[in-house]
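The values are calculated or read from the model by the stated rules, or taken from the named source; none is laboratory data. Predicted, not measured: the structure shown is a model, and the values here were computed from it. Backbone-built Cβ (ideal geometry, glycine too); neighbour counts: all protein chains shown. Calculation scope for accessible area: heavy atoms of the full protein, side chains included, ligands and nucleic acids excluded. Shrake-Rupley method; radii C 1.70, N 1.55, O 1.52, S 1.80 Å.
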Amino acid sequence: MRKTLGRLLPLAVLIGTMGTAGLTAQAATAAEPAAAAPATAEQAAAADIKDRILAVPGMSLIEEKPYAGYRFFVLNYEQPIDHRQPWKGTFKQRLTLLHKDESRPTVFFTSGYNVNTNPRRSEPTTIIDGNQVSMEYRFFNPSRPDPADWSKLDIWQAASDQHRIFTALKKIYTKKWISTGASKGGMTATYYERFYPRDMDGVVAYVAPNDVVNDEDSAYDRFFAKVGTKECRDRLNAVQREALVRRGPLEAKYASAAAENGWTFNTVGNLDKAYEAVVLDYAWAYWQYSLLADCGSIPDAKTASDQEIWDSIDAISGFSAYADQGLATYTPYYYQAGTQLGSPDIKQPHLKGLSRYGYQPPRNFVPRDIPMTFQPAAMADVDNWVKNNANRMLFVYGQNDPWGAEPFRLGYGARDSYVMTAPGANHGANVAQLRDGDRALATQRIQEWAGVAPAAAALDAGRTAPLAKPDAALDKQELPREHQLRP
């Protein structure tokens, strides 16, 4: 949320003009997709799956890409700009469909960002050997209304996008559905469940931050005080500090790189602010995407050349991140971080006297002509709902992932729900990395929620395993590197 959150990869929930209670009521009245023309069971069975998908009102084909054992479609779906007032215009939202068989369950995936238009399977899809619908989050190009009314970018509107897609496709994919996503996608799956708890049969939310009180971020400071080893923390801190000590020569390199690549810094304000933002992301970005075993690759700040310091900061944080060209893709994320999701603000005492700006807020990364007002009740509402109403929800975190410092927690009202942590894992934590007992239990529950649990697994969770055969290309995990401080 900062580049993980991009500040917050590098992560508040737009309630709109209504109170929290009003959102729940409005959820029930979100615009529903029109029903397809009736067909007999025989006619439906005989129709090609592409024809059936394209018969959904508002659905159109961008392209079909072949993949062995599947049909893969890139689609557009017409959505209301405002689900509360659907007559006020629509936009085209991009989604993909990895079709295996209508007799299999379906996974509803979103990254919370742009959709990948190449065939990919999320981990739950391999666990249940199912179909997968993947949705591009509203306001990420090209799924953006024109003109863009940014007040319509909030978690309820996005959940309503998912609800309409599910309602339309459930007529075709009638078996069980599981929603999933990682990081901002895990947050998205959780928010969807909060507003439409009757849609999904289970939720698998990976590494989903839960910034309940935006102004209270001491959990992140505690995390960075103990993560990994002292030797590794000191090594990272020393490089960060040295990058600010050598600000003059390194900013000269930055200016040269900006001129070469056409980078500008109008949104953040100037090159100096962008430079410091990249440097302050360094330790966070390292733990988000690297492992303790990688610490040997961090240069010794006492002996490192300017180029070595530059190369390490660039490889881990990325100097393009806070240029206008790097920020543009993630404007919707920063907007949400500054209006509903919240964003972390860590102390970094080892930079005292060297940092001029501290961790800059999301407002600094969104063009000034886009108004932003933070809504503190949004995340508190979701957190309270999860604690008291979670049902068939699994949260997976990585032990060494900064975003897991503020996780979702379960209360007495939760049922058949779990929070599990993968030892030593980063922001790519998944079920496969859990301890043996947790991995077996998680796999069993996901398969049972999807209605495909093998009979043997019902007697012995240790006999569970993903139902789909591994496929290196299809199962490739793609973690974005260009903007680490995003979730």
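What to note about this one:
- For segment 50-82, the candidate set comprises residues that are assigned to a loop (DSSP other than H, G, I, E, B) and of a type in the set (V, I, T); within that set, the residue that is least open to solvent (accessible area, probe 1.4 Å) is V56.
- Restricting segment 87-112 to residues that are part of a loop (DSSP other than H, G, I, E, B) and open to solvent by less than 20 Å² (accessible area, probe 1.4 Å), the residue that is farthest from P332 (Cα to Cα) is P105.
- Scanning segment 359-405 for residues being among the charged types (D, E, K, R) and surrounded by 17 or more Cβ atoms within 10 Å (Cβ to Cβ) gives a total of 4.
- Candidates I172, I165: the one that is part of a helix (DSSP H, G or I), of a type outside the set (G, A, S) and closer than 20 Å to M59 by Cβ is I165.
- Residues of segment 365-416 that are under 14 Å from N210 (Cβ atoms) and hydroxyl-bearing (S, T, Y): Y397 alone.
- A residue that is open to solvent by 20 Å² or more (accessible area, probe 1.4 Å), more than 29 Å from G358 (Cβ to Cβ), out of contact with any strand residue (DSSP E or B) (no Cβ under 6 Å at 6 or more places or on another chain) and assigned to a loop (DSSP other than H, G, I, E, B) occurs somewhere in segment 175-183.
- Counted residues, segment 138-168 - those being hydroxyl-bearing (S, T, Y) and in contact with a helix residue (DSSP H, G or I) (Cβ under 6 Å, 6 or more places away or on another chain): 0
- Filtering segment 270-304 to residues that are open to solvent by 50 Å² or more (accessible area, probe 1.4 Å) and more than 30 Å from N430 (Cα to Cα) leaves N270, D300, K302, T303.
- Matching residues, segment 383-423, being of a type in the set (S, T, Y), more than 15 Å from E193 (Cα to Cα) and part of a loop (DSSP other than H, G, I, E, B): Y412
- Condition met for A468 (assigned to a loop (DSSP other than H, G, I, E, B), in contact with a Lys or Arg (Cβ under 9 Å, 6 or more places away or on another chain), of a type in the set (A, V, I, L, M, F, W, C) and modelled with pLDDT under 95): no
- Hits in segment 406-416 - residues which are closer than 24 Å to G428 by Cβ and open to solvent by 30 Å² or more (accessible area, probe 1.4 Å): R409, L410
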